[in-house]
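A short worksheet on the structure shown next.
Here, each number is a calculation from the coordinates, and none is a lab measurement. Only a predicted model underlies this, so the values are computations on that prediction, with no experimental measurement involved. When we count neighbours, we look across all protein chains shown, and the Cβ atoms used for this are built from the backbone with ideal geometry, even at glycine.
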Amino acid sequence: MDIKRVKDYVYWLYYQYLLITCSYVLEPWERSMFHTITVTVVAMVVYTAYVFVPIHVRLALEFFSQIFGGQPESRV
């Protein structure tokens, strides 16, 4: 791939993002605040999923393995 096509594709994706969020009608300072809040929320969701989802999946697997006849772990 040449750099120009990649650059055009990134610009197209950014334009689609502006259209979907309707942030193209905002003033520049409003747009920067909107982008800051959006990036912050997405980062918090990704971090929370990274930290807490594996714990809940492990607990769910332990729960269902006990229900469906798995051997209980010995508690010392």
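Just a few scattered comments:
- Note on residue 50 and residue 23: their simple-model spin labels are 2.1 nm apart, each label 7 Å out from Cα toward Cβ.
- Taking Cα atoms only, the orientation of helix 28-67 departs from the longest principal axis of the chain by about 20 degrees.
- 0 to 90° range, to nearest 10: angle between helix 3-21 axis and the chain longest Cα axis: 80
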